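**Q** Sharing a structure here in structure tokens format.
Read the figures in this text as sums done on the coordinates, not as results from a lab. Because the structure is predicted, anything quoted here is derived from the model rather than measured. Quick reminder, even Gly has a Cβ in these numbers, built from the backbone with ideal geometry, and neighbours come from all protein chains shown.
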Amino acid sequence: SLETFLKLCLLSGDRKVFRLETVLDATPEEIHHILWKVEEMHQWNPSIKNIKVLKQAGPETMVTHEVSAETAGNLIGQRDFLSVRHFSRQESCIYLGGAATHLETFPPQKGFVRAEDGPTCIIIEPLADDTGRSHFTWLLNMDVKGWLPKSIVNQALPRAQVDFTRCLRRRLAEGPTQRHTNHHPPTVSRAGQTPHTHSLTHTHWS
């Protein structure tokens, strides 16, 4: 399989976008089907404690509340997210986007630091002349809030992307109807590689 490429892009000021690119052994539809079932995501991604859909605005848009898990190696710590998620199709590509939102009826929860996505985006496109595989691009932009050194955040977010993608590969390998149990978090060298997204894995695209 192709390597996973990570790239750091700088926006205006100190804002950063982390870009992950890889190839997954599944069609765009299969990947989208798993990623859009957000309330099941904790079953295959140990960095997520739970995700709940608060509002559904048609089949393509929803508002979700996500709580990251307290896992070993999580440099950022437990966070919660209130996000609006949307997907669209353009020809053979599927786009999943997310951004932080605010609801008066759902203020920040006691005991959590509320982080903010975004905007963030996942692009899934079929590989040319290679049926059944997809090119997966993830642009992650997140404000984790709290008093954390930028060096810690810049290490943790790309690591979160890699861990999330590793969990997604494992889930895809199980097939569409496999029942899941929580997997143990992968062992990650603190100085080496790079968790989730969200855990953060965000999902969160959360």
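**Q** Going Cα to Cα from LYS150, which lysines come in below 20 Å? Please leave out same-chain ones fewer than 8 positions away.
**A** The qualifying lysines are LYS7, LYS16.
**Q** Fewest to most neighbouring Cβ within 10 Å: what's the order for MET62, MET41? Numbers along the way, then the final one.
**A** Numbers: MET62 19, MET41 28.
By the 10 Å Cβ count, ascending: MET62, MET41.
**Q** How much net charge surrounds PRO46 when only other residues with a Cβ under 13 Å from its Cβ are counted (Lys, Arg +1; Asp, Glu -1)?
**A** +2
**Q** Here's something else I'd like to know. With each label point set 7 Å from Cα along the Cα-Cβ vector, what nm distance links SER92 and VAL113?
**A** A separation of 4.3 nm, rounded to one decimal place.
**Q** Another question about this same structure. In sequence order, what are the phi-derived ³J(HN,Hα) couplings for the range 136-145 according to the Karplus relation 6.51 cos²θ - 1.76 cosθ + 1.60 with θ = phi - 60°, rounded to whole Hz, with x for glycine and proline?
**A** 10, 10, 10, 9, 10, 10, 9, 10, 7, 6
**Q** Separation between the LEU103 and THR131 pseudo-spin-labels, each 7 Å from Cα along Cα→Cβ, expressed in nm?
**A** Each label point lies 7 Å from its Cα, and together they span 4.2 nm.
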